[in-house]
Amino acid sequence: MARNLINRYVWLVDTISRYGRITLKDLNKAWLRSDISEGKPLARRTFFHYRDGVEEMFDINIQCDKSTFEYYIANTGDSSARLQSWLVDSVSMSGMLSNAHDISERIMLENVPSAREHLPVIIDALKQNRRIRFSYKSYTRSLPTVVALEPYFVKIFKQLWYVIGKNVKDGQVKTYSLDRISQLNILQDTFEMPDNINPPEFFKDCFGIITNKNSAKRIVLRVEPTQAKYFRALPLHSSQQEEVHDNYSIFTYKMRITYDLKEELMSHGASIEVLAPQELKTLIRTELEQALKNYQ
């Protein structure tokens, strides 16, 4: 599909999202103010064509309130709404950046591995419940291994995409990072999603992408005031609760103790203190003592 057409889809989603609800007349005014219009009005037939394209490409449904003749982005169920919200944010950001090419040297972007090559293939396999095979370069092994996987779902964490599914060889549910995958193919073999796998519940008690079979613990953190503001703006976990004091805050969570959680807490240095449970305190203290030895 032509890049210019995709940019117009992006503009349409971005504009309706920003306005919330907008008539076709006002949408046309906004269209004419934008560079993407090239000075030509947005014809009614063209708008309907773009609306159909947006639904087909992004699964974003633009509906009309017939009582006010205003167009809006329709809400869906919880899971679909989260995906839709992420898509709206993504395409809106893309549209904003595509209109900023003349000041590109003043926009600093983070260089992250792309999932464009593998994510569409895996999503296709998810739709068909078909196995996939790929070569995987683990950081703990010197040589790549060939993996046959029953893909259950995908997850994004810290700008990296992961596929989670059952390794056909050992029967274990494992997580694989898409940036370490190569030679990906969809197999003819199909599978049934197990009844005991519920993607929203799979990482419910975890921070990050690593999980384990341990039970969730009550985790208590003492956080200095400046860092507490960041935790309020971007909670570590959905279970987060805060008790505000004069010179600090107490944050409590219900989470499993995992590698990702330990690394995240240590990254905040002296601005936080683990108060409970004792096993997490001991784990972090041991790590810090070992790190200190490197500087003695």
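The values are calculated or read from the model by the stated rules, or taken from the named source; none is laboratory data. A quick note: this is a predicted structure, and the numbers were derived from the prediction, not measured. Counting neighbours? That spans all protein chains shown, and the Cβs are built from the backbone with ideal geometry, glycine included.
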Checklist outcome for this item: When segment 190-202 is checked residue by residue, the ones that are at pLDDT 90 or above and hydrophobic (A, V, I, L, M, F, W, C) are Phe191, Met193
Checklist entry - Can you tell me which of Ser249, Ser238, Ser267 is small (Gly, Ala, Ser), surrounded by 15 or more Cβ atoms within 10 Å (Cβ to Cβ) and either in contact with a Leu (Cβ under 8 Å, 6 or more places away or on another chain) or not assigned by TED's automatic domain parsing to the domain that holds Trp161 (or both)? => result Ser249
Checklist entry - So which residues in segment 163-192 are touching a strand residue (DSSP E or B) at 6+ places or on another chain (Cβ under 8 Å), loosely packed, with under 14 Cβ neighbours inside 10 Å and of a type outside the set (Lys, Arg), if there are any at all? => result Gln172, Ser182, Gln183, Asn185, Gln188, Asp189, Thr190
Item to check | When residues of segment 272-296 are limited to those that are modelled with pLDDT under 95 and part of a loop (DSSP other than H, G, I, E, B), the one farthest from Tyr259 (Cα to Cα) | outcome: Gln296
Next on the checklist: Looking at Val220 and the list (1) closer than 30 Å to Trp161 by Cβ; (2) β-branched (Val, Ile, Thr); (3) surrounded by 13 or more Cβ atoms within 10 Å (Cβ to Cβ); (4) touching a residue at least 40 places away in the same chain (Cβ under 8 Å), which single condition is not satisfied?
Outcome noted: (1)
Checklist entry - If you check Thr282 against the conditions, is it loosely packed, with under 11 Cβ neighbours inside 10 Å and either without any contact (Cβ under 8 Å) to a residue 40 or more places away in the chain or under 17 Å from Lys229 (Cβ atoms) (or both)? => result no
Item to check | Output for segment 15-29, where each listed residue is of a type in the set (S, T, N, Q), under 32 Å from the mean Cα position of the chain (by Cα) and in a helix (DSSP H, G or I) | outcome: Thr15, Ser17
Checklist entry - Looking at Leu32, Leu42, which is the one that is farther than 11 Å from Ile73 by Cβ and part of a helix (DSSP H, G or I)? => result Leu32
Checklist entry - Which one is surrounded by the fewest Cβ atoms within 10 Å (Cβ to Cβ), of the residues in segment 128-155 that are touching a residue at least 60 places away in the same chain (Cβ under 8 Å) and among the charged types (D, E, K, R)? => result Arg130
